[in-house]
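Let me begin by presenting the structure, written as structure tokens, before commenting on it.
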Amino acid sequence: MNTLLLICPTKNRPKRCKEMIESALKTATEPIKIMLIVDTNDAYWVDYEKVQRENIIIFPALIGTVTQKINITFNAARQFDFYSVTNDDFIYWTQGWDVKLKNKGKISYVD
């Protein structure tokens with residue numbers, strides 16, 4: 001699969017997360033998937049489900065640190081060729097950012 005998977009841990013900020021998603025989708029030049037890591041006890045779980053659509057995946061987080069949750073998510077989604085970790089408060093401005101982050105075999109992170 002030649003698609004970049006954007007992994008995003010998020011908690012209690014569905015509105016900020018929605019802004020990140022919209023900016024990422026607007027500026028990506030190739031298909032991307034976004035996997036939101038959401039705590040199952042998050043008070044805003046229902047709001048996160050509302051942003052779910054074809055290219056958004058909700059991954060329920062269990063226990064552990066943010067790093068452990070990212071690693072679990074990464075291992076559960078090994079069908080992708082490219083990975084990037086983001087935060088729910090990022091706003092993507094650069095057109096084509098997704099292509100610049102495609103580093104096979106590595107997890108990329110924006111500056």
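The values are calculated or read from the model by the stated rules, or taken from the named source; none is laboratory data. Treat the numbers as computed from the prediction; the structure is a model and nothing was measured. Here the Cβ positions follow ideal geometry from the backbone for every residue, glycine too, while neighbour counts run over all protein chains shown. Side chains included, ligands, DNA and RNA excluded: accessible areas come from the protein's heavy atoms. Shrake-Rupley method; radii C 1.70, N 1.55, O 1.52, S 1.80 Å.
Across region 77-94, coupling constants 3J(HN,Hα) worked out from phi with the 6.51/-1.76/1.60 Karplus curve, θ = phi - 60°, read 10, 6, 7, 8, 8, 9, 9, 9, 9, 10, 10, 6, 10, 6, 10, 8, 10, 7 Hz, and Gly and Pro carry x.
Taking a ≥ b ≥ c as the square roots of the Cα gyration tensor eigenvalues, with a/c under 1.5 meaning rounded and otherwise prolate when a/b beats b/c, else oblate, which class fits region 1-101? Since a/c reaches 1.5 but b/c is at least a/b, the shape of region 1-101 is classed as oblate. Across region 66-72, computed HN-Hα scalar couplings (Karplus, 6.51 cos²θ - 1.76 cosθ + 1.60, θ = phi - 60°) run 4, 4, 4, 5, 5, 4, 4 Hz from first to last residue, x flagging Gly and Pro. Per residue, the accessible area of the chain comes to 58 Å², computed with a 1.4 Å probe over protein heavy atoms only. Taking trypsin sites (Lys or Arg not before Pro) in DSSP loop states with no more than 13 other Cβ atoms inside 10 Å as exposed sites, the chain has its longest site-free stretch at 1-52. Surface composition of region 38-111: carbon and sulfur make up 54 percent of the accessible area, probe 1.4 Å.
Between 0 and 90 degrees, the angle of helix 14-27 with respect to the longest Cα principal axis of the chain falls at about 10 degrees. For N71 and K100, the difference between the fully extended length at 0.36 nm per residue and the C-alpha to C-alpha distance is 8.2 nm. Taking amide H atoms as placed 1.01 Å from N in the peptide plane, the amide H of A61 lies under 5 Å from those of V38, D39, T40, each 5 or more residues away in sequence or on another chain.
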